[in-house]
Amino acid sequence: MAKSGYAFRSKIVHGRWADEPEGTARMAEAEVLVRRSLMRVIETDDLRSTFAGRRREGFLDDLAWRM
């Protein structure tokens, strides 16, 4: 879902999104991902304190290197 969303984002950035018949579906998927992410932050004590404090930027910057 994230990969297809990123591919759609690329089409938007390069001005080719008007030809995408699945655009509405990609937007719905993006909303699901954002909603799930926010709920995880809200429901998890460690994440909630990270995002409420000064560690948020470092946490988000480090995400790319955790995989």
Selection from region 36-57 of residues more than 27 Å from residue 9 (Cα to Cα), among the basic types (Lys, Arg) and surrounded by 10 or more Cβ atoms within 10 Å (Cβ to Cβ) yields 48, 55
- Check region 58-66 and report whether any residue there is of a type in the set (A, V, I, L, M, F, W, C), in contact (Cβ under 8 Å) with a residue 24 or more places away in the chain and either assigned to a helix (DSSP H, G or I) or surrounded by 11 or more Cβ atoms within 10 Å (Cβ to Cβ) (or both). no
Filtering region 13-35 down to residues that are of a type in the set (D, E, K, R) and either part of a loop (DSSP other than H, G, I, E, B) or loosely packed, with under 12 Cβ neighbours inside 10 Å (or both) yields 16, 19, 20, 22, 31, 35
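Throughout, read-outs are computed from the coordinates displayed, never taken from laboratory work. Treat the numbers as computed from the prediction; the structure is a model and nothing was measured. For neighbour counting, all protein chains shown are included, and Cβ atoms are generated from backbone atoms with ideal geometry for every residue, glycine included.
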